[in-house]
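Student: This is the structure, below, for whatever I ask next.
The values are calculated or read from the model by the stated rules, or taken from the named source; none is laboratory data. Source: prediction; values computed, not measured. Backbone-built Cβ (ideal geometry, glycine too); neighbour counts: all protein chains shown. These accessible areas exclude ligands, DNA and RNA; they are computed on the full protein's heavy atoms, side chains included. Shrake-Rupley method; radii C 1.70, N 1.55, O 1.52, S 1.80 Å.
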Amino acid sequence: MRVPTRQVYWNIPGHEWMYALFVVLLAVLAWGIWQRASLWRLGRPARRLDQPGRRLAEMNRQVILQARLLRDALSGPMHLLLSWGFVVLFLGTVVVFLKADLGLPVMQGPFYLYFQSLTLDLFGALALIATAVAAWRRYLERLPRLSRTVQDWVILALFALILLTGFVLEGLRIEVTRDPWGLWSPVGYLFGRLFASFLSVGAMRLLHRGLWWFHLVIAFAFLGLIPFSKMFHILLAPLNVYMRSLEPKGELPPMDVEAAAEAGEHLGAAELTDFSWKQLFDLDACTECGRCEAVCPAHAVGKALDPKYVVLNLREHLHAEGPSLLALAARARSAAENGPAEGEGEAVSHLVGPVIDPEALWACTTCRACMEACPVFIEHVPTIVQMRRYQVMELADYPATMQEALTSLEERGHPFRGSTASRLDWAEGLEVPLLSRLGGAEGLDYVLWVGCSAAFDERNQRIARALATLLQRAGVRFAILGDEERCTGDPARRMGNEFLFQMTARENVDLLRRYGVRRILTLCPHCYNTFRNEYPRFGGEYEVVHHSQLLRELLASGRLRVTRPSLLETTYHDPCYLGRYNDEYEAPRAVLGAVAGGGLREMERNRNHAFCCGAGGGRMWAEEAPSQRVNRERARQALATGARRVGTACPFCMTMLEDGIKSETGGDGSVEVRDLAEIVEEATRPAS
Amino acid sequence: MPERADFLHGGLRMRLVVGLKYILDPEIPPRDFRIDEEARRPVQGRASLVISPFDENALELALQMKDRDPATQVVALSAGPASSEEALRKALSLRVDEAVRVETDPLGEPDGEQTALLLARAVQRLGGDILLVGRQAGDWDRGQTGPIAAEILGWPCVTAVSRIEAADGRLRLRHEGPDGLEVVEATPPLVLTVTNDEANQLRIPKARDILATRSKQVGRLSLDDLGLSPEAVPPRSEVTRLYVPVEEHQCEWIEGDDAEAKARALADRLMALKVL
Ligand code: SF4
Ligand code: SF4
């Protein structure tokens, strides 16, 4: 029996010309990649290549298995098939190369039949179907997150054409050569039968020859476009996933403000060269898929912010300005070598204003939904905050109400300008011990860090009261700092005042060290996140517990007993800084499950997909146009569940949701908003 | 003594002196506000000290004039204890040209007249074309310092100024009078007391400038430097009693079967109390 195989370059005299084209392709690719890669050198240093094991594991999950993409039930499989089709067909071409150019006997026998014929055929067919799905999503379903520019349809059309012509070529060869193994390529075989039904053998030969060159040229064109289009992500996405940040999600990249000021560097990002090379790399890695845009709460309510265009506008700016910046840097270097040149006025090519709309910059709630959705792990929030840093620390140019909050934070230790409450009002009549009286944290289970919102916002004082009552009820030994407590600095850091944040952090770490505090209980996810993820860098290492976690424990161990299960159906709103930033989705649900007899109704967007309440990133202190209120949108989503109660675990979410629900229901009191502590306090009240 | 600016003939090269008082935060929550009746002064406790709000407005006006004409010099001046240097540091972080404290420790807590004398003498010593102060301090609210300093200096005084514009070698001042706005034209030397306005909220310092102030010095002037002695500056007023007034509320329910009966009962009661 003959060994199954096929003749390479059948019917293609002069196929050697292909090599000439191939050399051109390589040159174009090399040039294109160099063009882009050289611009990344404009960035500052960043460490993104350590811990290869950990990086490879995640890369495997995201690039080979495409875990994040598969969250979308239609686009996920579509992309998986397209990308896998691309890879498998590319490998098939490599096998041809091994045989034709290196003379290796790889294209024969069972391998030829199973891989080179059948597998390739199947992957090609699936990729063709996926192409159709992609076209449908973009042009018929018209998903808003997808753009419809020239490059979008050219790339899609090229992909479809390459696959189609490949099948036709295969079919024609099978027909004309009467290939005995033709059925191993079922799709190609069918195409062959189709053409044989109306073309003579001679015509098929001729068509085959012409189409082969066409196929070759468009395939090369597609490859050549890679560095010049969004298709660059084929190369950059895997690298970007590999180089993603391994720092805690809740920590904004720190900066040494004083050193930067001394070195005459910009504080924050004024221009492209203030970013790290990885941030510039991020820009080129964007696939323009719009997943970030689709989940962005600010975008959803019609604000100027669109995270996709934060990336794309910066990218465009990089491509436009990058080359001249490189030339400038080169000139500066040679000037430094040849001694000081004539005083070249350093013109800053500002980002905020010409490239990024200041309104967009300040609209971000730092909710992290975009970063959670981005399949290539682009880091929008640090980039946005870095631009804020420059606006705040160097220009002092930012919304007035946010300025007031930070001035109050600096002068009075809390951002609630104009509050007439004192730090201790909430505790009146509760006999909560003060750390200053006890002299230290020894013998305590926890120091309860109340946070500014629960201390200064009259409504939220009830949360602190409920929690303190619960702790007393369960016999937890705790104390508070009272009027020694100050803001953790989270609002300052998210608004971009890194200087103020660091000052505040150092003072707090000192204070807590003096009292020997090790275990901190917070009722605010922002405080929780700051202690847990940001203070370690300032020497503050604590065991930090959020009240949802402690309440779960107290309920499970029976130290709190449910005496009157609450019968209201409840929906739960995930605070961003508890959920997405710290992956705590289950403790609050367990708490609600234990006390809420009425059952839990999930909103459509829950857990890591939750929609922000609108308060983060300093937005708590921003003025909002009534039609663009994130909290009202979230309130509508909560109301859509039909639940009579909205539970949450963050005082900022409380303020936002209560206001949102009030506006959406006309304040008729039909739906209440409660913190977990309040719900549990009511459900575990001793029967008397 | 620095050269006096030639205001009328040489353009607007002015030297502005702004008086800053560092006071107990007026936004202190009422619950936390305590008074030491013995010492007849408020207790600071954990409350912060801040620049008196109208003085902030005065500083902002001066800085705005410097924005418009960079040749303008701004001097921040505070008469107070060492702690007031914090206020002066803040002023430095807003890029005033000089910051000077008049040491008041031998005087205890100077009253308005004493402060006016100290500021006036300091202005004479430091040189200046305009002295700007808040229209009244956010703690005692007496509003004497500016006008008395003008007396001592022998300069005209415009009170409750909210905006300043320079026009044809003169200053156009917006004065907030009881019946509305007045625009006053004046030429330095002048004393201005400043009131607040949405356009003169004090700007916030930039982190870079805050860092830069670390290497800057606050100048100091002793009574001696001003040619004064504690005896020469006696207080002209004395606080004899300081207390938080106690408000008493009494609540009484007016009974009645319907609105008319209640109204009648209310009217009777008000007449019995001699309110009506
Ligand atoms: S963090 Fe949230 S608000 Fe900011 S850009 Fe991303 S999705 Fe939008
Ligand atoms: S940033 Fe990420 S999620 Fe947004 S469009 Fe680009 S690749 Fe998609």
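Student: If you take the residues in segment A:363-406 that are under 18 Å from A:PHE501 (Cα atoms) and aromatic (Phe, Trp, Tyr), which one is farthest from ligand 1 (Cβ to nearest atom)?
Tutor: The extreme case among them is A:TYR390.
Student: Of the numbered conditions (1) open to solvent by 10 Å² or more (accessible area, probe 1.4 Å); (2) within 14 Å of chain B (Cβ to nearest Cβ); (3) in contact with a Leu (Cβ under 9 Å, 6 or more places away or on another chain), A:VAL432 fails exactly one; give the number of that condition.
Tutor: (2)
Student: In segment A:279-318, which residues are within 11 Å of ligand 1 (Cβ to nearest atom), in contact (Cβ under 8 Å) with a residue 60 or more places away in the chain and part of a loop (DSSP other than H, G, I, E, B)?
Tutor: Passing the criteria: A:CYS296, A:VAL301, A:LYS303.
Student: Then there's this: Limited to segment A:631-688, what total is found for residues that are in a helix (DSSP H, G or I), in contact (Cβ under 8 Å) with a residue 24 or more places away in the chain and of a type outside the set (A, V, I, L, M)? Step through it out loud before you land on a result.
Tutor: To start, the set of residues in segment A:631-688 that are in a helix (DSSP H, G or I) comprises A:631-639, A:651-665, A:676-683.
If we keep only those that are in contact (Cβ under 8 Å) with a residue 24 or more places away in the chain as well, we get A:631-639, A:651-661, A:663-665, A:676-683.
Then drop every residue that is not of a type outside the set (A, V, I, L, M), which leaves A:631-634, A:636-637, A:651-653, A:655, A:658-660, A:663-665, A:678, A:681-682.
The number of residues fulfilling the criteria is 19.
Student: Given the options A:ALA492, A:ALA454, name the one that is small (Gly, Ala, Ser) and under 14 Å from A:LEU521 (Cα atoms). Before the answer, list the steps.
Tutor: Details: A:ALA492 fails: under 14 Å from A:LEU521 (Cα atoms).
Every option except A:ALA454 fails the conditions.
Student: Here's another thing I want to ask about it. Of the conditions (1) free of Cβ contacts under 8 Å to residues at least 12 places away in the same chain; (2) open to solvent by less than 10 Å² (accessible area, probe 1.4 Å); (3) of a type outside the set (A, V, I, L, M, F, W, C); (4) not in a helix (DSSP H, G or I), A:SER408 satisfies every one except a single condition; which number is it?
Tutor: Evaluating A:SER408 over (1) free of Cβ contacts under 8 Å to residues at least 12 places away in the same chain; (2) open to solvent by less than 10 Å² (accessible area, probe 1.4 Å); (3) of a type outside the set (A, V, I, L, M, F, W, C); (4) not in a helix (DSSP H, G or I) leaves (4) as the failure.
Student: Take A:THR665 and decide whether it is polar (S, T, N, Q) and over 29 Å from A:ALA400 (Cα atoms).
Tutor: Values: polar (S, T, N, Q): yes; over 29 Å from A:ALA400 (Cα atoms): yes.
Yes: the conditions hold for A:THR665.
Student: Next question. Tell me the residue from A:TYR398, A:TYR390 that is assigned to a loop (DSSP other than H, G, I, E, B), within 26 Å of the chain's Cα centre (by Cα) and within 11 Å of chain B (Cβ to nearest Cβ), please. Outline the logic, then answer.
Tutor: Working: A:TYR390 fails: assigned to a loop (DSSP other than H, G, I, E, B).
Every option except A:TYR398 fails the conditions.
Student: Here's another thing I want to ask about it. Across segment A:306-340, what is the number of residues that are over 19 Å from A:ILE356 (Cα atoms) and not charged (D, E, K, R)?
Tutor: Filtering segment A:306-340 for residues over 19 Å from A:ILE356 (Cα atoms) gives A:323-324, A:326-340.
Filter once more, keeping what is not charged (D, E, K, R): A:323-324, A:326-330, A:332, A:334-336, A:338-340.
Summing the residues that are over 19 Å from A:ILE356 (Cα atoms) and not charged (D, E, K, R) in segment A:306-340 gives 14.
Student: Taking segment A:594-616, which residues are open to solvent by 40 Å² or more (accessible area, probe 1.4 Å) and either at positive phi or basic (Lys, Arg) (or both)?
Tutor: Let us first name the residues in segment A:594-616 that are open to solvent by 40 Å² or more (accessible area, probe 1.4 Å), namely A:594, A:597, A:600-602, A:604-605, A:607, A:609.
Answer for segment A:594-616, where residues must be open to solvent by 40 Å² or more (accessible area, probe 1.4 Å) and either at positive phi or basic (Lys, Arg) (or both): A:ARG601, A:ARG605, A:ARG607.
Student: Just one of B:GLY128, B:GLY138, B:GLY143 is part of a loop (DSSP other than H, G, I, E, B), surrounded by fewer than 23 Cβ atoms within 10 Å (Cβ to Cβ) and out of contact with any helix residue (DSSP H, G or I) (no Cβ under 7 Å at 6 or more places or on another chain); which is it? Spell out how you get there, then give the answer.
Tutor: On the way: B:GLY128 fails: surrounded by fewer than 23 Cβ atoms within 10 Å (Cβ to Cβ); B:GLY138 fails: out of contact with any helix residue (DSSP H, G or I) (no Cβ under 7 Å at 6 or more places or on another chain).
The match here is B:GLY143.
Student: Within segment A:218-267, can you find the residues that are within 30 Å of B:ARG214 (Cα to Cα), more than 16 Å from ligand 1 (Cβ to nearest atom), touching a residue at least 12 places away in the same chain (Cβ under 8 Å) and among the hydrophobic types (A, V, I, L, M, F, W, C)? Give the steps one after another, and end with the answer.
Tutor: If we filter segment A:218-267 for residues that are within 30 Å of B:ARG214 (Cα to Cα), which is where we start, we get A:251-267.
Now drop any that are not more than 16 Å from ligand 1 (Cβ to nearest atom), which leaves A:254-267.
If we keep only those that are touching a residue at least 12 places away in the same chain (Cβ under 8 Å) too, we end up with A:254-255, A:257, A:266-267.
Result: A:MET255, A:VAL257, A:LEU267.
Student: From the list A:ALA294, A:ALA269, A:ALA263, which one is open to solvent by 10 Å² or more (accessible area, probe 1.4 Å) and closer than 30 Å to A:ARG537 by Cα? Break it down into steps so the answer makes sense when it comes.
Tutor: Numbers: A:ALA294 fails: closer than 30 Å to A:ARG537 by Cα; A:ALA269 fails: open to solvent by 10 Å² or more (accessible area, probe 1.4 Å).
One residue alone meets the criteria, A:ALA263.
Student: Moving to a separate point now. Of everything in segment A:289-323, what is aliphatic (A, V, I, L, M) and within 11 Å of ligand 2 (Cβ to nearest atom)? Give them in sequence order. Steps first, answer last, please.
Tutor: The initial filter retains those residues of segment A:289-323 that are aliphatic (A, V, I, L, M), namely A:294-295, A:298, A:300-301, A:304-305, A:310-312, A:314, A:318, A:320.
The answer is A:ALA294, A:VAL295, A:VAL310, A:VAL311, A:LEU312, A:LEU314.
Student: Taking segment B:201-221 as the region of interest, how many residues are more than 14 Å from every other protein chain (Cβ to nearest Cβ) and within 23 Å of B:GLY134 (Cβ to Cβ)?
Tutor: Number of matching residues: 4.
Student: If A:PHE531 satisfies every condition in (1) in contact with a His (Cβ under 9 Å, 6 or more places away or on another chain); (2) not in a loop (DSSP other than H, G, I, E, B); (3) not charged (D, E, K, R) but one, which is the exception?
Tutor: (1)
Student: Quick one: which residue in A:GLU543, A:GLU569 is of a type outside the set (S, T, N, Q), over 17 Å from A:ARG368 (Cα atoms) and modelled with pLDDT of 95 or more?
Tutor: Values: A:GLU569 fails: modelled with pLDDT of 95 or more.
Sole residue among the options that is of a type outside the set (S, T, N, Q), over 17 Å from A:ARG368 (Cα atoms) and modelled with pLDDT of 95 or more: A:GLU543.
Student: Report whether or not B:PRO106 is away from every other protein chain (no Cβ under 14 Å) and open to solvent by 50 Å² or more (accessible area, probe 1.4 Å). Walk me through it before giving the result.
Tutor: Working: away from every other protein chain (no Cβ under 14 Å): yes; open to solvent by 50 Å² or more (accessible area, probe 1.4 Å): yes.
In short, yes.
Student: Right, another one. Taking the options A:ARG644, A:ARG619, name whichever one is open to solvent by 50 Å² or more (accessible area, probe 1.4 Å) and basic (Lys, Arg). Lay out the reasoning, then the answer.
Tutor: Details: A:ARG619 fails: open to solvent by 50 Å² or more (accessible area, probe 1.4 Å).
On inspection, the qualifying residue turns out to be A:ARG644.
Student: Determine if segment A:274-288 includes at least one residue that is within 15 Å of ligand 2 (Cβ to nearest atom), in contact with a His (Cβ under 8 Å, 6 or more places away or on another chain) and open to solvent by 10 Å² or more (accessible area, probe 1.4 Å).
Tutor: yes
Student: Being outside any helix (DSSP H, G or I), without any contact (Cβ under 8 Å) to a residue 60 or more places away in the chain and either among the β-branched types (Val, Ile, Thr) or within 18 Å of B:ILE23 (Cβ to Cβ) (or both) is the filter here, so list the residues in segment B:71-103 that pass it.
Tutor: Once the filter is applied, which keeps residues that are outside any helix (DSSP H, G or I), without any contact (Cβ under 8 Å) to a residue 60 or more places away in the chain and either among the β-branched types (Val, Ile, Thr) or within 18 Å of B:ILE23 (Cβ to Cβ) (or both), segment B:71-103 yields B:VAL74, B:ALA76, B:SER78, B:GLY80, B:PRO81.
Student: Hey, another quick one. Among the residues of segment A:345-358, is there at least one that is over 27 Å from A:ARG138 (Cβ atoms), within 16 Å of ligand 2 (Cβ to nearest atom), polar (S, T, N, Q) and not in a helix (DSSP H, G or I)?
Tutor: Looking through segment A:345-358, none of the residues is over 27 Å from A:ARG138 (Cβ atoms), within 16 Å of ligand 2 (Cβ to nearest atom), polar (S, T, N, Q) and not in a helix (DSSP H, G or I).
Student: Here is a follow-up. With within 14 Å of chain A (Cβ to nearest Cβ) and without any contact (Cβ under 8 Å) to a residue 60 or more places away in the chain as the only criterion, which of B:GLU231, B:GLU198 stands out? Break it down stepwise before answering.
Tutor: On the way: B:GLU231 fails: within 14 Å of chain A (Cβ to nearest Cβ).
Sole residue among the options that is within 14 Å of chain A (Cβ to nearest Cβ) and without any contact (Cβ under 8 Å) to a residue 60 or more places away in the chain: B:GLU198.
Student: Residues that are assigned to a helix (DSSP H, G or I), within 14 Å of another protein chain (Cβ to nearest Cβ) and open to solvent by 10 Å² or more (accessible area, probe 1.4 Å): does segment A:364-384 have at least one? Even if it seems obvious, please write down each step before you answer.
Tutor: If we filter segment A:364-384 for residues that are assigned to a helix (DSSP H, G or I), which is where we start, we get A:369-373, A:380-384.
Filter once more, keeping what is within 14 Å of another protein chain (Cβ to nearest Cβ): none.
Checked against the condition, which is being assigned to a helix (DSSP H, G or I), within 14 Å of another protein chain (Cβ to nearest Cβ) and open to solvent by 10 Å² or more (accessible area, probe 1.4 Å), segment A:364-384 yields no hits at all.
Student: Checking the structure you have, find out if any residue of segment A:443-463 is crowded, with 18+ Cβ neighbours inside 10 Å, assigned to a helix (DSSP H, G or I), among the hydroxyl-bearing types (Ser, Thr, Tyr) and more than 11 Å from chain B (Cβ to nearest Cβ).
Tutor: So in segment A:443-463, the residues crowded, with 18+ Cβ neighbours inside 10 Å come out as A:444, A:446-457, A:460-463.
Restricting the remaining residues to those that are assigned to a helix (DSSP H, G or I) gives A:452-456, A:460-463.
Retained after the next criterion (residues that are among the hydroxyl-bearing types (Ser, Thr, Tyr)): A:453.
Cutting the leftovers down to more than 11 Å from chain B (Cβ to nearest Cβ) gives us A:453.
Scanning segment A:443-463 turns up at least one residue that is crowded, with 18+ Cβ neighbours inside 10 Å, assigned to a helix (DSSP H, G or I), among the hydroxyl-bearing types (Ser, Thr, Tyr) and more than 11 Å from chain B (Cβ to nearest Cβ).
Student: Another question, then. Would you mind telling me which numbered condition in (1) surrounded by 21 or more Cβ atoms within 10 Å (Cβ to Cβ); (2) within 13 Å of A:HIS380 (Cα to Cα) A:MET243 fails?
Tutor: Going through (1) surrounded by 21 or more Cβ atoms within 10 Å (Cβ to Cβ); (2) within 13 Å of A:HIS380 (Cα to Cα) one by one, A:MET243 breaks only (2).
Student: Next question. Taking A:ALA259 as meeting all but one of (1) within 15 Å of A:LEU39 (Cβ to Cβ); (2) part of a helix (DSSP H, G or I), write down the number of the exception.
Tutor: (1)
Student: Out of curiosity, is A:ARG423 within 14 Å of chain B (Cβ to nearest Cβ), open to solvent by 10 Å² or more (accessible area, probe 1.4 Å) and not in a loop (DSSP other than H, G, I, E, B)? Steps first, answer last, please.
Tutor: Numbers: within 14 Å of chain B (Cβ to nearest Cβ): yes; open to solvent by 10 Å² or more (accessible area, probe 1.4 Å): yes; not in a loop (DSSP other than H, G, I, E, B): no.
Answer is no for this residue.
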